[in-house]
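Here is the structure we will look at.
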Amino acid sequence: MKLPIIIVNFKLYEQATGDNAIELAKIHERVAKETGADLAIAVNPIDLARVCDAVSIPVFAQHIDPIKFGGHTGHISPDLVKEVGAYGTLLNHAEYPMGHETIMKSIERCRDVGLFTVLCADTPETAKEFVKYNPDLIAVEPPELIGGDISVSKAGPHIIENAVKMVGENRILVGAGIRDPEDVTIALSLGAVGVLLASGVTKAADPYLVLQGLVAGLKKG
Ligand code: G3P
């Protein structure tokens, strides 16, 4: 996976799960191939294996548990996530918060099995605290802007600047409300190395067109 990157989190949107997840994943793959841009997706655990088989772009899990094989009913195994072909995993998403101890152990397990980690943080200050756990990337997403119409790029450019200043170059993704090319260009111009978004693509009438626009923003950034 190269930077800059656009990661689209399919969450549990109906438009992005089951058969729709396969279709949407293929649209991402098509845009990646046509534009040469790096696009990755994060899919529901039930869809993960099927999506990994269907496309060649990097596929992320949305969460893993810091466990090994054994008596762990209902948990998400990093070993199996790797085995089905996932590239990495999101951790500590605002919609699936984890304690510090769990975050630390999860990153260790991911490193053991070879999964790339994108650790989510609500603020630049939290992102700075997370540096000690050494995730591959930290995605800063102000929770109040998630799923809304105003992007972190437009409502909180200082958040992006601060996160990059506090954490360092080549480590920060930003997300929340990202939906147009300008959002991506602003984020990159402030030092982020990519964006994490969901509803702007998953709920779009034409995800192909939206993705092409986001990629254009990536190239300008
Ligand atoms: O994981 C991405 C997400 O939390 C941002 O969601 O819908 O604001 O792009 P959205």
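Just so it is clear, none of the values below were taken in a lab; they were calculated from the coordinates. In this text, all values refer to a predicted model and were calculated from it rather than measured experimentally. So basically every Cβ, Gly included, is an ideal-geometry build from the backbone, and we count neighbours across all protein chains shown.
Applying the criterion of being out of contact with any helix residue (DSSP H, G or I) (no Cβ under 6 Å at 6 or more places or on another chain) and within 16 Å of the ligand (Cβ to nearest atom) to the residues of the range 90-119, the residue that is farthest from Ile67 (Cα to Cα) is Glu95.
In summary, Gln62 fulfils each of the numbered conditions (1) out of contact with any Phe, Trp or Tyr (no Cβ under 6 Å at 6 or more places or on another chain); (2) surrounded by fewer than 18 Cβ atoms within 10 Å (Cβ to Cβ) with the single exception of condition (2). Among the residues of the range 120-147, the one identified as within 14 Å of the ligand (Cβ to nearest atom) and more than 17 Å from the chain's Cα centre (by Cα) is Glu144.
Considering the range 23-67 alone, what residues qualify as being of a type in the set (Val, Ile, Thr) and over 21 Å from His93 (Cα atoms)? Ile27, Val31, Thr35, Val55, Ile57, listed by residue number.
So which of Leu218, Leu197 ends up being within 15 Å of the ligand (Cβ to nearest atom) and either among the polar types (S, T, N, Q) or in contact with a strand residue (DSSP E or B) (Cβ under 9 Å, 6 or more places away or on another chain) (or both)? Give the steps one after another, and end with the answer.
Details: Leu218 fails: within 15 Å of the ligand (Cβ to nearest atom).
Matching residue, one of Leu218, Leu197: Leu197.
Going by the structure shown, is Leu119 part of a strand (DSSP E or B) and at negative phi? It is true that Leu119 is part of a strand (DSSP E or B) and at negative phi. Scanning the range 173-194 for residues that are in contact with a strand residue (DSSP E or B) (Cβ under 6 Å, 6 or more places away or on another chain) and β-branched (Val, Ile, Thr) yields Val174, Ile178, Val184.
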